[in-house]
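See below for the structure under consideration.
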Amino acid sequence: MLKRLASEGPLSIQTLTQGSGVTRQAVTKHLDVLAHAGLVNDRRDGRERLFELDAEPLARARHDLDAISAGWDRALERLRRQVEE
């Protein structure tokens, strides 16, 4: 769902449900969880709600995970050097 929102832009629940093999109710619940997590925003367009990805929280998480990964790389490099000595 996030991939579709990222690549296709704002989408309605009906559009997200089509071809997914998931019920409209399940898509709605999933979108509500994503909205609560701050990963999607919604807006009204007539009678439909359009959902759009908010990529900023994912970018922040990616940055944090990259920093953690770099820390582990440094720690493993120190360990490797100690073992080799």
Worksheet, complete the sentence: Once amide hydrogens are built 1.01 Å from N within the peptide plane, the residues lying 5 or more places from Ser12 or on another chain with amide H under 5 Å from its amide H are Phe51
Item to complete: Specify the angular offset, from 0 to 90 degrees and rounded to the nearest 10, of the alpha carbon long axis of helix 56-84 from the longest principal axis of the alpha carbons in the chain.
Response: 20
Worksheet item: How much FRET efficiency would the formula 1/(1 + (r/R0)^6) give for Ala61 and Ser20, where r is the Cβ-Cβ distance and R0 is 22 Å, rounded to 0.05?
Response: 0.35
Worksheet item: Per residue of the chain, what 222 nm ellipticity follows from adding -39500 (n - 2.57) for every DSSP H run with n ≥ 4, rounded to the nearest 500?
Response: -20500 deg cm²/dmol
Discussion item. Could you work out the percent of alpha carbon pairs in the chain separated by over 19 Å, rounded to a whole number?
Written reply: 52
Worksheet item: Roughly what angle does helix 24-36 make with the longest principal axis of the chain, taking Cα atoms, 0 to 90 degrees, to the nearest 10?
Response: 50
Item to complete: For Glu8 and Ile68, compute 0.36 nm times the residue count separating them, minus their Cα-Cα distance, and round to one decimal in nm.
Response: 18.5 nm
Practice prompt. Would you pull out the residues with amide H under 5 Å of Ala55's amide H, same chain only if 5 or more places away, H placed 1.01 Å from N?
Written response: none
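Each reported figure results from applying straightforward, stated rules to the coordinates on display, with no laboratory input. Keep in mind that what you see is a predicted model, and the values were worked out from it rather than measured. Don't worry about glycine lacking a Cβ; one is built from the backbone with ideal geometry, like all the others, and counts go over all protein chains shown.
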